[in-house]
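Okay, so here's the structure we're looking at.
Just so it is clear, none of the values below were taken in a lab; they were calculated from the coordinates. From a predicted model like this one, the values you see are computed outputs, not experimental measurements. Counting neighbours? That spans all protein chains shown, and the Cβs are built from the backbone with ideal geometry, glycine included.
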Amino acid sequence: MIALLPWLVAAWLLGIGLYGIVTSRNYIHLIGCLNVVQSATYVILLCVGYRWNAGPPIFDPHPPGTPAVDPVVQALVLTDIVIGATVAALLLALAVQLHKRKGTLDPEALRPMR
Amino acid sequence: MTILLALLLLLTAAAGAGIVLSRDPRRQILAIAGNGLALTLLFSALQAPDVAFSELAVGTAALPLLFLVALVSVRTDRKSDL
Amino acid sequence: MTDLLVPLPIALPLAAAAILLIFAHVWSARAPDAIAIFVSLATAAVCGLLLPRAAQAPIAYWFGGWQPHHGLTLGIGFVIDQANALIALFIALLFSATFVFARGYMPEIGSHFQVLMLLMMTGMIGFCLTHDLFNMFVWFEVMSVAAFALTALRLEASALEGALNFTVVNGIGSYLMLAGIGLIYARAGALDFSAIARSVSKAGGDPVLTAAFCLVVIALLIKAAIVPFQFWLSDAHAVAPSPVSVIFSGAMVSVALYGAAKLYRQVFAGDPPVDFTMHHLMLGMGAASAVIGGLMCLWQRHLKRLLAFSTIAHIGIMLVGISLPSAAGTMGMMVYLFGHGLVKASAFMIAGILLATYGGVDEIGLRGLARPIWPAGIVLALAGLLLGGAPIGIMGEGASLIGSAASKPGDLWAFAAITFASALTGGAVLRAAGRIFLGLGRVPGDEALAPTEPEAERHRPFWPMFAPCAVLVAAALAGGGSVVRLVQHAAGSFVHPDAAGVLRGAASLARGDIGPLPPDLHPLVPWCGFALAIGLAAWDLSRQYLPHRLHESARMLAVPLRLTLDAAHNGIIGDYVTWMIAGLAVMAAVLALT
Amino acid sequence: MNRIARLTLFAVSMLVLTAATIVVATHMPTFGSHPLPYGDAVNSLVPPARHISNMVSAVNFDVRGLDTLGEEFMLVCAVTGTVVLLRGTRGEQLTSRPAGMHGRLNAPRSDAQVLTGRLLGPLILLFGLYVVVHATVTPGGGFQGGVIIGSGLLLLYLCEEYRTWRWFMRSRWLNACEGGGALVFVLAGLAPMCQGAHFLQNVMPLGEFRDLLSGGLMQIVNAGVACAVLGGFALVFLEFLEETREPRDEA
């Protein structure tokens, strides 16, 4: 079961995040849900690089050559975290400005120009 | 180790659902911080201290702060409906 | 020498953007414009220098000096074959023209406009040149994030809404892409294209790899605005500042599609489920985008929104080109990409000129007003002719390549769809040109009132804005033969890349051949679509002379379809995401049933 | 679509996708025990080649340094975009000067608050700096340290007076910090090319294994990243906080 659990948890996060986005009635809440979708990618990447009975890929106390998990996916997730935080900041800025213009944050009360 | 990982994965799943299901943005900020903490724990268990560290800095501190500040900006706005 | 040149197309604009930002408070009003024009031209020059070198043999360059050894790639490589170099050159030139067009566009935000535009250019160029999946994702994100910010620059409510929809939909797309990259890494243990291609050919038909392909390609199709992922595009393009729309339609969406073609031809080539997805599902999605985009285009009166829908239609045509089994389709798509980019960029520039000069782009509201700037009208009409399928210039060559690749018994319906769609868009643009610049097609009653909110862009002198768009449209008219020759040479190593050579550390020009081109279409065929375009424009422009009842009944026939499509493009983000998920599910279902 | 139609379509699609997910999940390589050729190669080849012990930093700043370059500029993009969007209505003039003293954000701070802040603030900044310089040895690095410092500056706001805080936080300094860090990264990439090496090639002396200053060029890249992240995060917080001013402050 543990073999499937990481992938199922990732899929669950993806699905529940998308559910939140689809049903959200507040842009700030929606941005939070987007973060949930993103955490699915963290879980996938880190679990792909995991290895039983291996240490972190930092050879500080232990010498190089001891079994270690994959450092590459960890570097990818670091990049991913920056992307998530900055996109969230940008989205929040958009939401704040939109609230100034329209006085509401409800996506369904908004109609872009036709 | 297996049990711990499984529990942490389930905790992450629950924390993610928590963000989605807390529809009130004020309460959602707490959920976001909680999710950051859950992810931090999961990442440490997955032997990724570097990532856990950034998730701690970003997910539990910077991101909730950003949401908080944005929420305050929205509430400062005169036409507020929150 | 070559080694010195390869990093420059990304290093130059990045350094320039950083410098523009550091001294943001120092620049005089004109300096950032001049720097941006200079840097984009310099980037174009570097790409131009790389082009003949890449034509001899693809250039493989390893950042940080991490050459692959023993077939194992550690670092990130750029592999510049002729196709990549051509696209990078095209992007840099298009940005140069846009910077000239946008001179003095937004002085109030200082150098930030140029910083964002330069970073978007870098993102696109990096996206095209890189040979590493995750690196491709990073550049894709650079391009996207810059695009998100640029969309909302005008800060009107509609611009903010458009940007929010754009960001959320594309953000979900990029996370799906990242999930796909994770799956690929799980199976292949590598991120380099050639290394992944090796694993794909070993593990043929593996569901994990197929799912990964779908996830990655969906992100690219979302950016390329293919039905049912297209909803964000019309909201975003219509409200973005005109110079930004020029780039969006001229390069961004088609570059994403180019990325998809590259993944299909160079990484997942020969994987049976992927082949099946491309040849059946993607062909259908391309044709659907073409028709839906064309119809919506015909029904718009807001010129920028009209052009945005025509982009959806033409991107659909390009997707049809990629998904045809024949390599000539892929080659046609590349030719079409250049032609469409030039034409659509100049059309959006005309819209920008109208906004800057008359403070609006409502077709009916502007009727006959723009007579004094008649040269712009000529360009818009030319753009309409080219979009409508006139078999001249770069677009004509591309369309005839795609058409001849599609004119096989099984694919004739796709051929009919793309001819029809391009006639629709051409008709719409010609109609707009006739109404705005010639004052044809008087509209009775309340229809004449503009339903759109007033909008205006900063007034700038006409000729400096007009010059770049005249140059672009002239290039699109005149460049046909030479672009076809270049692309024909490039398509060989694009379709049959030398993957083994890259892993050895030295790529060579592969079998340099895409096989015999399918026979040309009958010379009358393209003119049929073209005649339809003219007819559509004439029908609407001459409606005051037609019997009212005839016109009215024709309109009523289209009403149900029009209402349905309008209702789908309602600007509600929840709906857009639902459509996207439905698209994903259809993809999964089709794959499961085979 | 109305709400019900949307939820129905969503549910049906999710049903299909759940089935697909299960198929894919059962075909995934076994969790925790499948080959990882790329990671293993990094773990075995890089410590002797680069003399550093933190492989994640090695991948980030050296082996896949180009990714981090792109990521840094994406940060620049997002921050620039956020700043432009938030400044839109205020204009830059108001941002470069602190607003008037009245307004709710200048509420008096209690002594305890000020004391905590004055003790904690420097500690956090020091900790951030520590994290930055230990990039090549222990977990952490320019990115994490930059975030800590950038957000730590916010603490100054919470416990000092608004005026004092604004004295520290000038958007042009932060701009220069952000852009400067990014520029350092590009230059660190271009400099090795003067010696005929590749972009971002680590041609500097590599130092001792596990030494604080090991890693050669990575140290410079790391410092650039720290600056860019620090400036970026601080700038975003600054602009958002300016947004919380009462409208009458702007008069």
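A few remarks follow.
- Look at the stretch D:136-142: the mean tally of other chain Cβ atoms within 10 Å of its residues' Cβ atoms is 4.
- Segment D:Arg172-D:Glu208, extension gain: residue separation times 0.36 nm, minus the distance between their alpha carbons: 9.1 nm
- Here the protein assembly as shown carries DSSP beta bridges of which approximately 80% are antiparallel, counting only pairs with both residues inside.
- Rounded to the nearest whole angstrom, the semi-axes of the ellipsoid equivalent to chain D, taken from the Cα gyration tensor as √(5λ), stand at 38, 31, 19, largest first.
- Take each residue of peptide C:70-83, count the partner chain Cβ atoms within 10 Å of its Cβ, and average: the result is 3.
- A convex hull fitted around the alpha carbon atoms of the stretch C:199-338 yields 91 Å³ per residue.
- Angle between chain C longest axis and helix C:112-129 axis [Cα atoms, degrees, rounded to 10]: 50
- Distance between the C-alpha centres of the stretch D:40-88 and the stretch C:465-498: 35 Å, rounded to the whole angstrom.
- In the protein assembly as shown, inverting the average of 1/r over every pair of distinct C-alpha atoms gives 28.7 Å as the Kirkwood radius.
- Förster radius 45 Å - calculated FRET efficiency between C:Val590 and A:Trp52, Cβ distance, rounded to 0.05: 0.75
- Separation of the C:Cys528 and C:Leu41 label points, Cα + 7 Å toward Cβ, nm: 4.7
- Each peptide in B:14-26, D:224-236 receives the mean, over its residues, of other Cβ atoms within 10 Å, and ordering these scores from highest gives D:224-236, B:14-26.
- Kyte-Doolittle mean at least 0.5 and Cα axial length at least 24 Å: DSSP H helices in chain D: D:3-27, D:65-87, D:111-133, D:142-159, D:171-194, D:217-243
- Degrees separating the helix B:25-45 axis from the principal Cα axis of chain B, which is the longest one: 20
- Shielding of B:38-44 by partner chains, average beta-carbon count, 10 Å: 3
- In degrees, nearest ten, helix C:462-478 long axis to first principal axis of chain C (Cα): 60
- Its Kirkwood hydrodynamic radius, worked out from the mean inverse distance over all distinct Cα pairs, puts the stretch B:23-76 at 11.4 Å.
- Considering only A:Val96, A:Leu8, A:Ala75, the residue lying farthest towards the positive end of the dipole of the stretch A:5-109 is A:Val96, judged by Cα position with unit charges set on Cβ.
- Put simply, the C-alpha atoms of the stretch C:184-242 give a gyration tensor, and the ellipsoid matching it has half-axes of 33, 12, 7 Å, longest first.
- Here's the list of lysines a cross-link from C:Lys223 could span, going by alpha-carbon distance under 21 Å and ignoring same-chain residues fewer than 8 apart: C:Lys262, C:Lys304, C:Lys344.
- Protection proxy ranking of A:26-35, A:67-76, C:477-486, D:73-82, by the mean of other Cβ atoms within 10 Å over each peptide's residues and highest first, is D:73-82, A:67-76, A:26-35, C:477-486.
- The stretch D:157-233: GluC sites (Glu not before Pro) falling in loop per DSSP and having at most 14 other Cβ within 10 Å: D:Glu208
- Expressed as a fraction of 2.2 N^0.38 Å, the C-alpha radius of gyration for the stretch A:5-109 is 1.43.
- Bridgeable lysines around A:Lys102 (alpha carbons under 16 Å apart, same-chain partners fewer than 8 residues away excluded): B:Lys79.
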